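> This is the structure I want to talk about, given as structure tokens.
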2 protein chains.
Amino acid sequence: MLDKIKLFAPATVANVSCGFDVLGFCLDTVGDEMVVHKTQEKGIRITKIEGSELPLEVEKNVAGVSALAMYNALQPDCGFEIEIYKKIKPGSGIGSSSASAAGSVFGINALLGYPLNKSELTKYAIKGEALASQCEHADNIAPTIFGGFTLVRSVAPVDILQLPTPEELYATIIHPQIEIKTSEARAILPKTVALDGAITQWSNVGSLVHALHTSDYDLLNKALKDVIVEPHRKQLIPHFDAVRTAALSAGALGCGISGSGPSIFMLSKGKSTAENVEKAIADCYQDTSIPFNTFVSKINTQGIKVI
Amino acid sequence: MLDKIKLFAPATVANVSCGFDVLGFCLDTVGDEMVVHKTQEKGIRITKIEGSELPLEVEKNVAGVSALAMYNALQPDCGFEIEIYKKIKPGSGIGSSSASAAGSVFGINALLGYPLNKSELTKYAIKGEALASQCEHADNIAPTIFGGFTLVRSVAPVDILQLPTPEELYATIIHPQIEIKTSEARAILPKTVALDGAITQWSNVGSLVHALHTSDYDLLNKALKDVIVEPHRKQLIPHFDAVRTAALSAGALGCGISGSGPSIFMLSKGKSTAENVEKAIADCYQDTSIPFNTFVSKINTQGIKVI
């Protein structure tokens, strides 16, 4: 059996337009790299973090907390050391903490011969995520572990649906480097919504799931709309409307806030369209004082990968 | 070309639990029969109605209004006579007016050699439905014309999605013979709903569409819930909770109000379970003073049929 594994723990997009709080998808271009070693010495240790100022103390690190939750449940006759090469910027809204939290449990599971399934891994990864976001949710954990598009029905018990991914679907991401406090993104949400708007939203969610099953890109274009949350949260992201207008003009099927922002995602049919969209949205930010970065990614249908 | 056609215009269920205002499905056991004749004399005439006290005047009959709307748009060089053998009780909540409104346009279309597609037929059928329900909606028209499960995205323009139907899915219907005024069923709806509840609802709609695509009966069971509308409307239907409890105990996957009631629908895997459910729910009404009838039906994936 292996005693060392190297992983790619991908970035993810949660709150996919109409699918606020339930739909997410997995990216392929950007993700953390992690190395997990099996050791004779028992316990969990984080031995190295590069790329970000994050604590090495296991109980204060999301990857450590998730690993420890799983370790304490399984009580294996060995220990694990974790190295984290952080490539996803914390606070960017593309599942930075989830990637680390999911990566450590995935690695330990692999080194133990895969005793746990993806739902069980999700349960422990959520414990790490909770350290970062103060609540147990699987919005980003689910697509990181399952890959492709996921629908989170519930976290206790873990109930995740794997939705199909149309072959030619690509994402474009722009990360405006501003800080959005999670507390602020939450406080801005309305407690109640108009019934009419809610009906529009669930019509779009049903349509989006149907579009994923049928690879209907026109329907994706119609369904990728959020009439409930985005109108409130977009004010936290400068130039959001300009980005959307530019993205749709360049051929994007849809555009929305990734997680609770500040990143914005677009979905497009085909890589070249996704690249045109990337150019168009970069132009929106070029003349502002806000630093930003962009990338294009195929939808990652596998999730975390051994590399 | 034919100059006479006989049709089965099926009953339908709208507002399928979580899919309030967007999802519907088509029944097979109960429906109106209609005969449409092509005549040299121009215009639309209703020559016979059996089974219900409905007006023969074209402008006052839903089948006449829809036929006339289509006739005036196409301006064919002939006329049509319509006979209606009403088998669906008006006001029962299983799409009585929609069956007639859809049947007449389907029949005329067939006798003209099918110049219009299903979306176009829907557009004219909605005009008839509007006479009965005072608003243009396709909640029942869509499943009558398209068959199977449908998702109505919009009526202007007509935008209907055809969803797949799991092979072994059967419906059980109970019609408690009470009157529910549409105005009352509408007035009882809340104008606003809690965001949490709305999220649960769209999670269930997404899950239901996925379950239909994957023939996942367990997931149907989880997803067939309405946390938004049913809690308000069920008070208009005596013994609703008892029916649901009995139906689920007898093996039903889900239970909800058909349209705006008073009929209640159940979905089950397999005909024998649907029949057990029928017995169980009949027991709930047996000792009440409310007359009722029940039936079991396979989901009708074809919609209106030539017979």
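The values are calculated or read from the model by the stated rules, or taken from the named source; none is laboratory data. In this text, all values refer to a predicted model and were calculated from it rather than measured experimentally. All Cβ positions, even for glycine, are placed from backbone atoms using ideal geometry, and neighbour counts span all protein chains on display.
> Determine which member of the set B:Val65, B:Val35 is aliphatic (A, V, I, L, M), crowded, with 19+ Cβ neighbours inside 10 Å and in the same structural domain as B:Gly113 (by TED's automatic domain parsing).
That would be B:Val65, the only listed residue that is aliphatic (A, V, I, L, M), crowded, with 19+ Cβ neighbours inside 10 Å and in the same structural domain as B:Gly113 (by TED's automatic domain parsing).
> Tell me, please, whether a residue that is under 20 Å from A:Pro176 (Cα atoms) and either in contact with a Leu (Cβ under 6 Å, 6 or more places away or on another chain) or acidic (Asp, Glu) (or both) can be found in the range A:83-102.
So far as the range A:83-102 goes, no, none of its residues is under 20 Å from A:Pro176 (Cα atoms) and either in contact with a Leu (Cβ under 6 Å, 6 or more places away or on another chain) or acidic (Asp, Glu) (or both).
> Any residue at all in the range A:230-246 that's more than 12 Å from chain B (Cβ to nearest Cβ), under 28 Å from B:Leu23 (Cα atoms) and either small (Gly, Ala, Ser) or not in a helix (DSSP H, G or I) (or both)?
No, because not a single residue in the range A:230-246 is more than 12 Å from chain B (Cβ to nearest Cβ), under 28 Å from B:Leu23 (Cα atoms) and either small (Gly, Ala, Ser) or not in a helix (DSSP H, G or I) (or both).
> Out of all the residues in the range A:1-20, which are surrounded by fewer than 24 Cβ atoms within 10 Å (Cβ to Cβ) and touching a Leu at 6+ places or on another chain (Cβ under 9 Å)?
Across the range A:1-20, the qualifying residues are A:Met1, A:Leu2, A:Asp3, A:Lys4, A:Ile5.
Matching residues to (1) under 18 Å from the mean Cα position of the chain (by Cα); (2) under 19 Å from B:Leu161 (Cβ atoms); (3) modelled with pLDDT under 95:
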{"residue": "A:Gln177", "(1), (2), (3)": "yes, no, no"}
{"residue": "A:Thr182", "(1), (2), (3)": "yes, no, yes"}
{"residue": "A:Trp202", "(1), (2), (3)": "no, yes, no"}
{"residue": "A:Leu220", "(1), (2), (3)": "no, yes, no"}
{"residue": "A:Leu224", "(1), (2), (3)": "yes, yes, no"}
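> A follow-up question, please. Would you pick out the residues in the range B:208-224 that are within 11 Å of chain A (Cβ to nearest Cβ) and not β-branched (Val, Ile, Thr)?
B:Leu208, B:His210, B:Ala211, B:Leu212, B:His213, B:Asp216, B:Asp218, B:Leu219, B:Lys222, B:Ala223
> So, in the range B:253-272, how many residues would count as being surrounded by fewer than 20 Cβ atoms within 10 Å (Cβ to Cβ), touching a residue at least 40 places away in the same chain (Cβ under 8 Å) and outside any loop (DSSP other than H, G, I, E, B)?
The number of residues fulfilling the criteria is 1.
> Go through the range A:228-252 and report how many residues are touching a residue at least 40 places away in the same chain (Cβ under 8 Å), of a type in the set (A, V, I, L, M, F, W, C) and buried (at least 17 other Cβ atoms within 10 Å of the Cβ).
Number of matching residues: 7.
> Can A:Leu212 be described as in contact with a Pro (Cβ under 6 Å, 6 or more places away or on another chain), under 23 Å from A:Leu27 (Cα atoms) and buried (at least 20 other Cβ atoms within 10 Å of the Cβ)?
When the stated conditions are applied, A:Leu212 passes them.
> Every residue in the range A:123-147 that is within 14 Å of chain B (Cβ to nearest Cβ), assigned to a loop (DSSP other than H, G, I, E, B) and either of a type in the set (Phe, Trp, Tyr) or surrounded by fewer than 20 Cβ atoms within 10 Å (Cβ to Cβ) (or both), please.
A:Cys135, A:His137
> Also: Select, from B:Ser268, B:Ser289, B:Ser258, B:Ser249, the only residue that is within 30 Å of A:Phe149 (Cα to Cα) and among the small types (Gly, Ala, Ser).
Exactly one of B:Ser268, B:Ser289, B:Ser258, B:Ser249 is within 30 Å of A:Phe149 (Cα to Cα) and among the small types (Gly, Ala, Ser), namely B:Ser268.
> Now for a separate question. Out of all the residues in the range B:14-31, which are touching a Gly at 6+ places or on another chain (Cβ under 6 Å) and of a type in the set (A, V, I, L, M)?
B:Ala14
> Would you kindly identify the strands (runs of 3 or more DSSP E) lying entirely within the range B:1-72 that contain at least 3 residues that are within 14 Å of chain A (Cβ to nearest Cβ) and closer than 24 Å to B:Asp139 by Cα?
Where strands (runs of 3 or more DSSP E) fall fully within the range B:1-72 and carry at least 3 residues being within 14 Å of chain A (Cβ to nearest Cβ) and closer than 24 Å to B:Asp139 by Cα, they are B:23-39.
> From the list B:Val227, B:Val209, pick out the single residue that is in a helix (DSSP H, G or I) and outside the structural domain of B:Ile141 (by TED's automatic domain parsing).
Among B:Val227, B:Val209, only B:Val209 is in a helix (DSSP H, G or I) and outside the structural domain of B:Ile141 (by TED's automatic domain parsing).
> Residues in the range B:148-161 that are crowded, with 20+ Cβ neighbours inside 10 Å and among the polar types (S, T, N, Q): how many?
Number of matching residues: 1.
> Right, another one. Just to confirm my filter: which strands (runs of 3 or more DSSP E) fall fully inside the range B:154-204 and include at least 1 residues that are within 7 Å of another protein chain (Cβ to nearest Cβ)?
B:158-163, B:192-194
> Which members of the range A:273-307 meet the condition of being modelled with pLDDT of 95 or more, β-branched (Val, Ile, Thr) and not in a helix (DSSP H, G or I)?
A:Ile290, A:Thr294, A:Val296, A:Ile299, A:Thr301, A:Ile304, A:Val306
> Given (1) touching a helix residue (DSSP H, G or I) at 6+ places or on another chain (Cβ under 6 Å); (2) in the same structural domain as A:Lys279 (by TED's automatic domain parsing); (3) not hydroxyl-bearing (Ser, Thr, Tyr), identify the lone condition not met by A:Ile160.
It fails just one condition, (2).
> Would you confirm whether or not the range A:131-140 contains a residue that is modelled with pLDDT of 95 or more and within 13 Å of the chain's Cα centre (by Cα)?
The answer is yes, given that some residue of the range A:131-140 is modelled with pLDDT of 95 or more and within 13 Å of the chain's Cα centre (by Cα).
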